[in-house]
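Inspection log for the structure reproduced underneath, given as structure tokens.
The values are calculated or read from the model by the stated rules, or taken from the named source; none is laboratory data. Just so you know, these numbers come straight off a predicted model, no measurement behind them. Cβ: placed from backbone, ideal geometry, glycine included. Neighbour counts: every protein chain shown. What goes into the accessible areas is simple: the full protein's heavy atoms, side chains included, and nothing from ligands, DNA or RNA. Shrake-Rupley method; radii C 1.70, N 1.55, O 1.52, S 1.80 Å.
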Amino acid sequence: MDGQIDADELQNCLTQSGISGGYKPFNLETCRLMISMLDRDMSGKMGFNEFKELWAALSGWRQNFMAFDGDRSGAVDFQELQRALESMRFRLSPQALNTIAKRYSNQGRISFDDYIACCVKLRALTETFRRRDAAQQGVVNFSYDDFIQCVMSI
């Protein structure tokens, strides 16, 4: 045992922990996204400190999801997603919100698993952008190769 967990092990751990509550367990792709968000050494695995960071983020996202899932259906609609993301201080254009909703919704509803995948992607992309936006101007320049590496690593 190397003290690191991969996506399969993370999926089992999160399922057994009950973090998803009454929602369906996380699918493997969402677990891969979670690992990639915190995989600073690019090992494809997560250590204990990264797991603690993930747990804190998941707990916050779960509370946020529950706060905006007004009808307790286990899914949020476009307006609920918009309010949830705004409450986390994501400032997105209507076009970006629409793109996100299309990507993560099924028949206009975003499940808990897809909501978490969306939050993971937004956090990782935002951190990647901020690291390159040293002047905090909201604009960065990417080479094509750098852009592909950033997007594909998340």
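Here Gly3 fits the description: touching a Gly at 6+ places or on another chain (Cβ under 7 Å) and either open to solvent by less than 40 Å² (accessible area, probe 1.4 Å) or of a type outside the set (Val, Ile, Thr) (or both).
Out of curiosity, is Arg123 touching a residue at least 40 places away in the same chain (Cβ under 8 Å), under 28 Å from Asp41 (Cα atoms) and basic (Lys, Arg)?
yes
Is it true that Leu54 is in contact with a Pro (Cβ under 9 Å, 6 or more places away or on another chain), crowded, with 16+ Cβ neighbours inside 10 Å and at negative phi? Considered against the rule, which asks whether it is in contact with a Pro (Cβ under 9 Å, 6 or more places away or on another chain), crowded, with 16+ Cβ neighbours inside 10 Å and at negative phi, Leu54 comes out as no. Does Leu85 satisfy the criteria of being under 14 Å from the mean Cα position of the chain (by Cα), modelled with pLDDT of 90 or more and more than 30 Å from Gly3 (Cβ to Cβ)? Taking the combined requirement at face value, the residue satisfies it. Among the residues of segment 129-146, is there at least one that is among the hydroxyl-bearing types (Ser, Thr, Tyr) and within 26 Å of Glu53 (Cβ to Cβ)? Checked segment 129-146: no residue is among the hydroxyl-bearing types (Ser, Thr, Tyr) and within 26 Å of Glu53 (Cβ to Cβ).
Close contacts from segment 76-101, counting a first residue that is farther than 14 Å from Leu125 by Cβ and a second that is part of a strand (DSSP E or B) and open to solvent by less than 60 Å² (accessible area, probe 1.4 Å), with Cβ to Cβ under 7 Å and a gap of 6+ residues or different chains, come to Val76/Ile110; Leu81/Ile110; Ala84/Val76. Output yes when any residue across segment 12-31 is open to solvent by 60 Å² or more (accessible area, probe 1.4 Å), part of a helix (DSSP H, G or I), among the acidic types (Asp, Glu) and out of contact with any Pro (no Cβ under 9 Å at 6 or more places or on another chain), and no when none is. Among the residues of segment 12-31, at least one is open to solvent by 60 Å² or more (accessible area, probe 1.4 Å), part of a helix (DSSP H, G or I), among the acidic types (Asp, Glu) and out of contact with any Pro (no Cβ under 9 Å at 6 or more places or on another chain), which makes the answer yes. Is one or more of the residues making up segment 35-51 among the charged types (D, E, K, R), exposed (fewer than 12 other Cβ atoms within 10 Å of the Cβ), outside any helix (DSSP H, G or I) and modelled with pLDDT of 90 or more? No - not one qualifying residue is present in segment 35-51.
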